[in-house]
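Note sheet for the following structure.
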4 protein chains.
Amino acid sequence: MSEIVFRSDVTVELVRCSAADSDVVFAARVSTVGEQSKDVVGQEDAGRDRGLIRYLMRDRHGSPFEHNSFTFFVEAPIFVFREFMRHRIASYNEESGRYREMRPVFYVPGDDRRLIQKGKPGAYDFYEGTDEQRELVQAEHRRQAEAAYESYRRMLDAGVAREVARGVLPLSLFSSMYVTMNARSMMNFISLRTTSDDSHFPSFPQREIEMVAEKIEQLFAEKMPITYEAFNDAGRVAP
Amino acid sequence: MSEIVFRSDVTVELVRCSAADSDVVFAARVSTVGEQSKDVVGQEDAGRDRGLIRYLMRDRHGSPFEHNSFTFFVEAPIFVFREFMRHRIASYNEESGRYREMRPVFYVPGDDRRLIQKGKPGAYDFYEGTDEQRELVQAEHRRQAEAAYESYRRMLDAGVAREVARGVLPLSLFSSMYVTMNARSMMNFISLRTTSDDSHFPSFPQREIEMVAEKIEQLFAEKMPITYEAFNDAGRVAP
Amino acid sequence: MSEIVFRSDVTVELVRCSAADSDVVFAARVSTVGEQSKDVVGQEDAGRDRGLIRYLMRDRHGSPFEHNSFTFFVEAPIFVFREFMRHRIASYNEESGRYREMRPVFYVPGDDRRLIQKGKPGAYDFYEGTDEQRELVQAEHRRQAEAAYESYRRMLDAGVAREVARGVLPLSLFSSMYVTMNARSMMNFISLRTTSDDSHFPSFPQREIEMVAEKIEQLFAEKMPITYEAFNDAGRVAP
Amino acid sequence: MSEIVFRSDVTVELVRCSAADSDVVFAARVSTVGEQSKDVVGQEDAGRDRGLIRYLMRDRHGSPFEHNSFTFFVEAPIFVFREFMRHRIASYNEESGRYREMRPVFYVPGDDRRLIQKGKPGAYDFYEGTDEQRELVQAEHRRQAEAAYESYRRMLDAGVAREVARGVLPLSLFSSMYVTMNARSMMNFISLRTTSDDSHFPSFPQREIEMVAEKIEQLFAEKMPITYEAFNDAGRVAP
């Protein structure tokens, strides 16, 4: 099965973006100014704008953070997509196992994936595991993926519909999607899908969706640096 | 592996329901009457109420159909849940493969599952398939499920975290969830997830989610018979 | 104009309710137990259930608080409804000024309404005001309401459409609506629409919508006392 | 009161836009192609792309129409905003009567506004009205606006808080907002807020919100001409 690809990473590309810190200021200013002020972020006003964004974040005025749009192309295993799509304030289009034949790309936990959990549900601590455990995990993932894909191909070759045959494929199968979110929804996503021990807003996501969230976070930080800074300083909770 | 269970059906139970045709009338009457009329569905008014519901459905006044609530307990394979959760106007709580060990219950296409598709994406026609094809499909599903579950158990027995080990499990694995929807959202779900050749509102769902949708439809019909009739007469499209 | 009614209060009635603390436990248990346990809140388990609800609230597991439904009948001035309907996770049906003639019920700030604001936008302090100020406010509200309603009637009597004539009516006009929300959305509403000086989650709502929110809060506390307690102990922020 | 402004029109400006027909194709192709094809709308493929968009519209595949974003600046009377904000799949930031003093801009029905309604709720026919009716309507709107604004100013001048004083202002008062929507939500808005006698999808909006919807429709048609054409050909109902 030389054609099978195994990956331990995920892909996040910013395909489309209409977002800037100045959009937040625009939208917020309509409350107090009430008319369109096109050049609102002038050189001299930068400090004032930063202050406004920080105030909005801290006082939970969330709507000014919605007038923007990020579209990402994401490739990740299906168990990650299952968690991602629980976020309802976003738009999704995913590769269809009904309309096309799935490509044989599968996830294998990488060498740095911590494999052992201790503690109670919702707040596990993770530890590295032994070499034997790592070898077992990687071998099992590879072998099951190969066997499942062979089974899938056998059914397709026998003329069985794709939507029927796909049932045997594992949750480690890679899929791809476009997802579009605004900054407010994205901050909620990042807040819940990156690790936080903060006593007010703890979160203990699975490492694989965190890998996606970290890439999204980096792109967010580049496009809206002042908003991103305010988000961090407000405890990384969405307004 | 005597412990493994194979199923070809799905479970839908109505756990909680606060819904009646009279709620639709209530909510709509506030527009035109503007005050609470508690006994709005009297014997003599039944005909008028039915007319009102039919008018609301036909003229796309959707909001009166939202003041009610259905909570279902659903058991179905993961590939069905993946489609179900694309419906964003609903509330979900699903069994977690991170917090608990998955039970070995797997889907196998039943004898009446049509296995062969013809036509183009989005409008396939399905045909029965030969005995050989059916035997192949059922054998492959059984064998892959058994092998995957053995692999999952080997990793768990070696001390590997559940969230890591689950990657090898197939999309045919059963999961369970609570889902809460209102009638408007439910009509949209039924409209898109049951087969329709209607030229205005065609839909060609995968058979397995249609099995879930049919059970939901039946429970909806029992609880809100006048609304259900109006929905059918308006071409089975949600208002 | 003896027919005109002036009110300084608001109405909130719980019309329909399908909600209990045990629903939260149900929905959450599916994550870890994965099957329906119908008698989940037994005598002996009350303490454990309370602990689970508090954990869910604190760790921002919001979805278990969505499998329930509250329908309220609300009467309040239009400027309150304008703020209320900015909450998008709810269902609304309001009296229509297009379909029916508006009844002459208007809001007048009561004797205890604080009339003077000091401080900066988003964090005003309010003070009582003098007797002269109160008399002015009440007299102006009464006089404008009467004049506007006479104007409205003159146009209706001349055969003008209701939707045209209503333009002269003031924001103090009472309207009525049904609104349906789940507990998660309701906690968000209460969090933002009742006063809080908490440094993490401050909120400074207008007094009139707070009057509505306080009545909703009381009904919520009656129906879901354990959830309500956990909400308060977690800083009154929605999970 | 020379400062008062009367308007019979509305303002809609496209402030930000990230939208093109090719985005729809992109998002849809991921279903069947499963990878990013950046130059998907080549010269030779234009016909194929048009066909795909028409198929998506007709068969109610709505999600590919969500990966785009339109931000409008809108000025309209408050009774229009009240209807607009019932559309929940959008982001709003409106001028605040709590944070700023409202400017005296008021709506007066123009000479071409049809003033007389006949028929039943939900399907009125509108007729022009006599000169006397028009003069009455315009005079009443002007006089009530002036009186209300004088009353508002008297309270402000006496030191009363803006949020209290605004209660006397009429529904004809202009407000302004930013609103952000995607094309799918916008088609739903246009479908419901422009007049249609189509037996499948009738709609009878109030003229003033239709004036807003027509401007939005024009901007949509410019930015996404193929999608717009498909929307019209599919009966002007959102997918």
request  = Would you tally the residues in the stretch A:213-237 being within 15 Å of the chain's Cα centre (by Cα) and of a type outside the set (Val, Ile, Thr)?
outcome  = 8
request  = Select from the stretch D:15-24 the residues that are surrounded by fewer than 21 Cβ atoms within 10 Å (Cβ to Cβ) and hydroxyl-bearing (Ser, Thr, Tyr) and list them in ascending order.
outcome  = D:Ser22
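Output the residue which, of all residues in the stretch D:83-97 that are among the charged types (D, E, K, R) and outside any strand (DSSP E or B), is farthest from the other protein chains (Cβ to nearest Cβ).
Across the stretch D:83-97, the extreme among qualifying residues is D:Glu83.
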request  = Considering each of D:Glu222, D:Glu229, D:Glu214 in turn, give the residue that is surrounded by fewer than 19 Cβ atoms within 10 Å (Cβ to Cβ) and closer than 28 Å to C:Leu171 by Cα.
outcome  = D:Glu214
inquiry  = If I ask for residues that are out of contact with any strand residue (DSSP E or B) (no Cβ under 6 Å at 6 or more places or on another chain) and closer than 19 Å to B:Leu14 by Cβ, which ones from the stretch B:73-113 would you list?
reply    = B:Ala76, B:Val80, B:Phe84, B:His87, B:Ile89
query = When the residues of the stretch D:107-126 are filtered to those that are crowded, with 18+ Cβ neighbours inside 10 Å and of a type in the set (A, V, I, L, M), which remaining residue is nearest to D:Gln206 (Cα to Cα)?
reply = D:Leu115
The stretch A:196-239, residues that are within 14 Å of chain B (Cβ to nearest Cβ) and over 25 Å from D:Asn182 (Cβ atoms) = A:Ser203, A:Phe204, A:Pro205, A:Gln206, A:Arg207, A:Glu208, A:Glu210, A:Met211
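Considering each of D:Ala27, D:Ala46 in turn, give the residue that is surrounded by fewer than 18 Cβ atoms within 10 Å (Cβ to Cβ) and modelled with pLDDT under 95.
Only one candidate passes the filter, namely D:Ala46.
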query = (1) assigned to a helix (DSSP H, G or I); (2) surrounded by fewer than 24 Cβ atoms within 10 Å (Cβ to Cβ); (3) over 21 Å from the mean Cα position of the chain (by Cα): which one isn't true of D:Ala165, the others all being true?
reply = (2)
ask   = Is it true that some residue in the stretch C:117-133 is modelled with pLDDT of 95 or more, closer than 21 Å to C:Arg82 by Cα and outside any loop (DSSP other than H, G, I, E, B)?
value = no
query = Within the stretch D:168-204, how many residues are hydroxyl-bearing (Ser, Thr, Tyr), at pLDDT 95 or above and not in a loop (DSSP other than H, G, I, E, B)?
reply = 6
key: Selection from the stretch B:131-178 of residues that are aliphatic (A, V, I, L, M), touching a residue at least 60 places away in the same chain (Cβ under 8 Å) and more than 10 Å from chain A (Cβ to nearest Cβ)   = B:Met177
query = A:Tyr55 is checked against (1) in a loop (DSSP other than H, G, I, E, B); (2) surrounded by fewer than 22 Cβ atoms within 10 Å (Cβ to Cβ); (3) within 14 Å of chain D (Cβ to nearest Cβ) and fails just one. What number does that condition carry?
reply = (1)
key: Residue list for the stretch A:1-30, restricted to those being touching a strand residue (DSSP E or B) at 6+ places or on another chain (Cβ under 9 Å), part of a loop (DSSP other than H, G, I, E, B) and of a type in the set (Gly, Ala, Ser)   = A:Ser8, A:Ala19
request  = Specify the residue that is nearest to A:Ala123 (Cα to Cα); the eligible residues are those in the stretch B:98-114 that are facing another protein chain (nearest Cβ under 9 Å) and within 21 Å of the chain's Cα centre (by Cα).
outcome  = B:Phe106
Scope the stretch A:61-72; condition over 17 Å from D:Arg16 (Cβ atoms) and touching a strand residue (DSSP E or B) at 6+ places or on another chain (Cβ under 7 Å); matching residues = A:Phe72
ask   = Do we have any residue at all in the stretch D:62-81 that's more than 20 Å from A:Leu56 (Cα to Cα), of a type in the set (D, E, K, R) and more than 10 Å from chain A (Cβ to nearest Cβ)?
value = no
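The values are calculated or read from the model by the stated rules, or taken from the named source; none is laboratory data. Only a predicted model underlies this, so the values are computations on that prediction, with no experimental measurement involved. Positions of Cβ are generated from backbone atoms using ideal geometry, with glycine treated the same way; all protein chains shown enter the neighbour counts.
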